1. Taking segment 321-336 as the region of interest, how many residues are under 20 Å from residue 49 (Cβ atoms) and small (Gly, Ala, Ser)?
2. I'm trying to understand the selection: among the residues of segment 212-243, which are of a type in the set (Val, Ile, Thr), touching a strand residue (DSSP E or B) at 6+ places or on another chain (Cβ under 6 Å) and not assigned by TED's automatic domain parsing to the domain that holds residue 196?
3. Might you check whether a residue that is among the small types (Gly, Ala, Ser), more than 25 Å from residue 37 (Cα to Cα) and out of contact with any Cys (no Cβ under 8 Å at 6 or more places or on another chain) occurs anywhere in segment 304-316?
4. Name the residue, out of 179, 233, 208, that is loosely packed, with under 15 Cβ neighbours inside 10 Å, out of contact with any Gly (no Cβ under 8 Å at 6 or more places or on another chain) and over 30 Å from residue 318 (Cβ atoms).
5. So, in segment 57-90, of the ones that are under 21 Å from residue 258 (Cβ atoms) and surrounded by fewer than 16 Cβ atoms within 10 Å (Cβ to Cβ), which residue ends up farthest from the chain's Cα centre (by Cα)?
6. List, please: which pairs have Cβ atoms under 7 Å, are six or more places apart or on different chains, and start with a residue in segment 295-306 that is over 14 Å from residue 366 (Cα atoms) and end with one that is in a helix (DSSP H, G or I) and of a type outside the set (Val, Ile, Thr)?
7. For segment 282-311, name all the residues that are at pLDDT below 95 and either of a type in the set (S, T, N, Q) or assigned to a helix (DSSP H, G or I) (or both).
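The values are calculated or read from the model by the stated rules, or taken from the named source; none is laboratory data. Note that the coordinates shown come from a computational prediction; the quantities given were computed from them, not determined experimentally. Counting neighbours? That spans all protein chains shown, and the Cβs are built from the backbone with ideal geometry, glycine included.
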Amino acid sequence: MPIDRRQFLLSAAALTASARSAFPLEAAAGSVFPPSVRADFPIASAQTYLNSAAIHPMSLPASRALEQHVAFRLKGGGEGRADFGEEQQKDLKRRFAQLIGAKPNEIAFVQNTSDGENIVVMGMDLARRGGNVVLDELHFETSLYMYKSLEAKGLELRVVKHRNWAIDIKDMERVIDRHTRIVSMALVSNVHGYLHDARAISDLAHAHGAYVFADYVREDLQDRVVPTTRYGHRQIANFDRVGLTWEPLPGAARYETGTFPNALALCAHTSLQYIERLGQANIRTHARQLTDRLQKELPRLGYPSLTPVGNETPIVAFQLEDTAATAQQLRQGRVTATIIEKERRMRLSVSVFNEQEDIDRLLTVLS
């Protein structure tokens, strides 16, 4: 759900540094994870999958949890079958909050990230209240479209251009002023994996009295700065149908509406526990080994990198000379990636199940 990233920034480094794996790691030399992790993702044996930033494959643990949920929907409760109930929902919020350095009452179930940003932007009534909004051209497509559409309704939009596929804080400084209402950014750009200097941008925005949107609504901003614009039964308790009275639930529940897909929440709950077992520090180290090699090897084959070297995310992108030819090579080699034809760009994204053999396969296919 939406939140101001400030709380995350203050705790993310400590959270990552303190992450320890509870996973029984028996990795081979030079590898972070044991073969059992790769085996948990059957897609890894069917193809070379380097597209997790688009659609992450389902793991066997998540698949088994989903099967149990389907059994509950087919047969009802009993024999270990149960719905994804209130306590599990609370635990999911707690685990996700811990992952990003937020509080459980700053987490809400919404349809998707785009829906979450719509809740914030419409709640702040930006178009009517005036001022300007600052974002950058590496932002997600929905955000660029939404703010550009609001510009026609009176909102002043300021879009910062990238310099060599990175955002210069000096360029942000030139456009953020006392009339800036909000600075919106994707902490990690879906374009090429660029990781914003969110701490510096937050400091700059807050110094001018502006808010920052990255992923969620901080506790002290709920209702006061971002009132709800939609209503649903998940926002209240003790509803009296006769007297039409109720008690509002505290926290980010004010942004929830109606029934949400329990099956998807169950998969998320199972996956978060899997992430905790692997350990954030291990996941980042594993990804960095793979992306560092991609950054080193692909330019040698004629694919210039669009992602700054040393970028700390599992996403990297490369410029293509012939998108059709590259797409055909990948298809024939059973390598899955994202190709943006009109931008002549190939995006690769690794995950915990990828190994160096996947990089070997990609290099062989492209060479």
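1. Going through segment 321-336 one residue at a time, the tally reaches 2.
2. 236
3. The answer is yes; a qualifying residue exists.
4. When all the criteria are applied, what remains is 208.
5. Taking the candidates together, the pick is 73.
6. As it stands, the answer is 305/295; 305/298; 305/299, since those pairs meet every condition given.
7. 311
Here is a yes/no grid of residues against (1) within 24 Å of residue 222 (Cα to Cα); (2) at pLDDT 95 or above:
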{"site": "50", "(1), (2)": "no, yes"}
{"site": "56", "(1), (2)": "no, yes"}
{"site": "61", "(1), (2)": "no, yes"}
{"site": "79", "(1), (2)": "no, no"}
{"site": "83", "(1), (2)": "no, no"}
{"site": "93", "(1), (2)": "yes, yes"}
{"site": "96", "(1), (2)": "yes, yes"}
{"site": "100", "(1), (2)": "yes, no"}
